[in-house]
Amino acid sequence: MELLQTPGQGRARYPLAADTLKAVKALAVFPSDRRFGVIDHPEPAISSPTEVRLRMLDVGICGTDKEIVAFEYGTPPSGSPYLVIGHESLGEVIETGAAVKRLKPGDLAVPSVRRPCDDPNCIACRSGRQDFCYSGRFTERGINQRHGFLCEFVVEEECYLNPVPRPLRDVAVLVEPLTIAEKGVTQLWQVQQRLPWAEAGRNSHRALVLGGGPVGLLGAMKLVKEGFDTTVYSRTHASGDLPDLVSSFGAKFVNAETSNLEQLAQSIGGIDVVYEAVGASQLAFETMPFLGTNGVFIFTGVPGRKGPVSIDTDTLMRDYVLKNQVVFGTVNASLQSFADAIADLGAFLERWPAAVRSLVSRRFPIEQASEPLLGKAGGIKNVIALSQ
Ligand SMILES: [Zn+2]
Ligand SMILES: [Zn+2]
């Protein structure tokens with residue numbers, strides 16, 4: 001096996017004597033060969049005092065990973081024929097550089113995904129907010145020009161690692177997808193500061209979540225915790241237990257197979273917030289006319305590019321103006337959103353332990369990763385377990 005590149009791409013490569021190089025197992029996609037599979041990847045080693053070496057425990061599989069192994073998305077690091085995938089993860093610290101302060105061996109940590117661009121004028125990246133990058137030249141571990149976390153061992157800068165309390169061991173792989181809701185709800189409250197009577201939990205009451213996948217369900221848990229009367233609108237095909245699961249954490253479930261949007265809106269009776277988590281643009285735009293006065297519509301999905309559809313733009317625009325509506329999209333996430341997600345996941349686990357645990361459907365060994373990656377596994381969140 002030719003050893004191609006370490007995960008420390010972007011920094012200088014650090015050549016190791018061939019006899020000290022060990023290979024570790026990783027799941028990689030070779031876009032130009034249109035194949036993916038388990039490979040031998042050079043074991044990453046700490047090369048600066050601020051780095052941390054992690055033994056990866058869990059890596060979650062999502063729609064982005066499925067697109068990457070279908071060669072629709074994802075870019076290897078420059079010079080590498082392959083990209084190690086995996087961005088939703090949990091690792092255990094096994095070694096720290098001399099200057100690492102917040103983490104020690106044995107600690108659990110979830111890495112963030114996006115890394116800043118190199119544009120000196122990108123005020124977002126220069127402020128540590130690469131989730132708002134202007135230049136578009138950001139990179140992302142496991143997605144865009146940086147190897148990801150679906151690898152037995154990973155090295156990462158301490159500043160991108162988020163410490164996780166040990167009791168969250170079994171569910172912390174949900175932190176990264178939960179950061180979507182955390183950043184979305186933070187911005188929701190920022191927007192609603194425009195209402196002079198706004199106080200968290202007071203001014204907006206009813207939330208609609210579109211989609212019953214992991215992002216939708218974690219978003220619904222967050223909205224319930226924030227005090228919203230929350231309804232999840234979804235088909236049930238992913239999990240037959242979805243209605244029971246949703247009601248077990250205090251939200252309502254409306255089945256998209258048996259209720260249309262009029263019936264849905266009637267059953268809610270005035271929607272203050274829509275949290276879109278399905279990536280179906282037509283459904284999203286068809287839901288907009290049911291958004292209430294002073295309402296906020298949050299997009300989180302990334303739809304594939306299908307053909308154009310016809311929508312009544314006059315009605316939408318009239319509503320935006322005459323009802324003071326705000327529509328925004330949000331991509332995860334800042335370190336604060338990771339800290340919020342870790343705190344909230346702990347709170348969810350205390351309130352709804354069975355519901356939170358049931359979001360993780362199955363764990364697969366890396367050799368069986370193609371089952372969830374090719375969409376054959378069903379369930380809510382499937383996880384590759386790299387280590388116990
Ligand atoms: Zn993901
Ligand atoms: Zn930037």
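A short reminder: the numbers here are calculations on the coordinates, not readings from a lab. Only a predicted model underlies this, so the values are computations on that prediction, with no experimental measurement involved. Reconstructed Cβ throughout: ideal geometry from the backbone, glycine too, with neighbour counts over all protein chains shown.
Quick one: grab the alpha carbon gyration tensor of the stretch 182-272, order the square roots of its eigenvalues as a ≥ b ≥ c, and give me rounded if a/c is under 1.5, else prolate or oblate depending on whether a/b is larger than b/c. In terms of gyration-tensor shape, prolate.
For the pair the stretch 35-63 and the stretch 255-306, the centres of their Cα atoms are 38 angstrom apart. Determine the sum of side-chain charges near F328: Lys and Arg each +1, Asp and Glu each -1, restricted to other residues whose C-beta is under 12 angstrom from that of F328. Spelling it out: positives minus negatives among the neighbours equals 0.
The amide H of A333, built 1.01 Å from its N in the peptide plane, has V113, R114 as neighbours under 5 Å, considering only residues 5 or more places off or on other chains. When peptides 147-155, 314-322, 113-121, 221-229 are ranked by their average number of other Cβ atoms within 10 Å per residue, the highest-first order is 147-155, 221-229, 113-121, 314-322. Exceedance of the 27 Å cut-off in Cα-Cα distance is limited, within the set K225/K306; K222/K376; K22/K104; K225/K376, to K225/K306; K222/K376; K225/K376.
For the chain, the relative contact order works out to 17 percent when only alpha carbon pairs closer than 8 Å and six or more residues apart are counted.
The shape of the chain comes out prolate: with a ≥ b ≥ c from the C-alpha gyration tensor, a/c is at least 1.5 and a/b beats b/c.
In percent, rounded to a whole number, the relative contact order of the stretch 55-129 is 26, using alpha-carbon pairs under 8 Å and six or more apart. Structure remark: mean-square fluctuation, Gaussian network model of the chain, C-alpha springs under 10 Å; the largest value among P308, P111, P42 belongs to P308. Which of the three applies to the stretch 117-242, rounded, prolate or oblate, going by the alpha-carbon gyration tensor with a ≥ b ≥ c and a/c under 1.5 meaning rounded? Oblate, since a/c reaches 1.5 and b/c is not below a/b.
Among residues other than P105 with Cβ under 12 Å from its Cβ, the summed charge is 0 (Lys and Arg +1, Asp and Glu -1). Counting charges near P31 (Lys, Arg +1; Asp, Glu -1) among other residues having Cβ under 14 Å from its Cβ returns a value of -2. Considering only beta bridges that DSSP places wholly inside the chain, some 55 percent are antiparallel.
Charges only on Cβ, +1 for Lys and Arg, -1 for Asp and Glu: so what's the dipole of the chain about the Cα centre, in debye to the nearest 20?
I would put it at about 300 debye.
List Y233, Y134 from most exposed to least, where exposure is judged by having the fewest other Cβ atoms within 10 Å.
So the residues, fewest neighbours to most, are Y134, Y233.
Proximity of backbone amide H atoms, modeled 1.01 Å from N, is registered between V327 and F297 at under 5 Å, excluding neighbours fewer than 5 places apart on the same chain. What number, in percent, do you get for the relative contact order of the stretch 214-343 if the mean sequence gap of Cα pairs under 8 Å and at least 6 apart is divided by its residue count? Computed over the stretch 214-343, the figure is 18 percent.
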